[in-house]
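What follows draws every value from the coordinates through simple rules; no lab data is involved. These figures come from a predicted structure and were not determined experimentally. For neighbour counting, all protein chains shown are included, and Cβ atoms are generated from backbone atoms with ideal geometry for every residue, glycine included.
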């Protein structure tokens with residue numbers, strides 16, 4: 001598995017490009033690969049993309065998007081719900097710290113297949129959760 005941002009079919013590693021994308025090194029941080037395969041649901045996840053999204057109020061959100069093919073086999077939200085808090089605390093926050101990024105919110109999403117950001121397709125299962133970041137902790141935000 002790899003960490004970074006995907007743009008089209010190109011995988012890129014960069015730090016702050018136009019304020020929209022971020023990232024880190026090509027190497028996965030120690031423990032990050034295990035964190036992806038050891039989510040509470042037991043599903044296998046693959047990072048799709050991650051980026052910083054500037055907000056109109058001047059804050060920034062970090063978006064971490066994952067593909068979880070197992071969602072296509074009828075895995076319900078109740079099974080993956082604990083995965084979101086785990087991914088925020090054990091995956092997103094360490095990567096943001098390592099990249100020196102400060103954000104007000106982390107949004108984690110999972111889809112059963114790769115899908116362009118912002119798109120929807122009835123045949124693709126998608127789940128989302130948002131977390132405020134305070135004192136280096138993820139605080140769940142109900143939509």
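Tabulated data
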quantity	calculated
Globularity ratio of segment 52-142, using Cα Rg and 2.2 N^0.38 Å	1.11
Residue order, fewest to most surrounding Cβ atoms within 10 angstrom, among 115, 93, 45	115, 93, 45
Spacing of the two label points (7 Å from each Cα toward its C-beta) at residue 136 and residue 59, in nm	2.1
Zone of residue 102's modelled label, taken as backbone nitrogen in segment 60-80 under 16 Å from a point 7 Å along Cα→Cβ	60-62
Residue order, fewest to most surrounding Cβ atoms within 10 angstrom, among 83, 135, 78	135, 78, 83
